[in-house]
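Peer 1: Quick one: this structure, given as structure tokens, is what I'll be asking you about.
Here, each number is a calculation from the coordinates, and none is a lab measurement. What you are looking at is a predicted structure, and each value in this text was computed from that prediction instead of being measured. In this analysis, Cβ positions are derived from the backbone assuming ideal geometry, glycine residues included, and neighbour counts consider all displayed protein chains.
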Amino acid sequence: MIKKEDVKILKHKELIIEIQRIWIPVIIGATGTISESLRQYLSNVRGKHEIKELQKKTAVLGTEQILREG
């Protein structure tokens, strides 16, 4: 198992480095609240990101989790 893990880590090392380079903290509350810096963080990520869509998806996922736990 350890050998396989080492092989996978070496195989995906470039991907790991790329993910670490572009990782950004995206914090959206369960009710859709966002931090002041979210727009700045999203500007560092390629592609089109609509905050309203992210808020909606986060609220739906938060509600789903509450219902599962309830």
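Peer 1: Compute from the Cα atoms of the stretch 1-68 the Rg and the Dmax, the latter being the longest Cα-Cα distance, and quote both in angstrom.
Peer 2: In Å, with Rg to one decimal and Dmax whole: 16.6, 44.
Peer 1: For the chain, find the longest principal axis of its Cα atoms and tell me its angle to the long axis of helix 51-69, 0 to 90°, nearest 10.
Peer 2: That works out to roughly 90 degrees.
Peer 1: Can you list the trypsin sites (Lys or Arg not before Pro) in the chain that are in a DSSP coil and have 13 or fewer other beta carbons within 10 angstrom?
Peer 2: 46, 48
Peer 1: Between helix 2-11 and the chain, what is the angle of the helix's C-alpha long axis to the longest principal axis, kept within 0 to 90° and rounded to the nearest 10?
Peer 2: Result, in degrees: 70.
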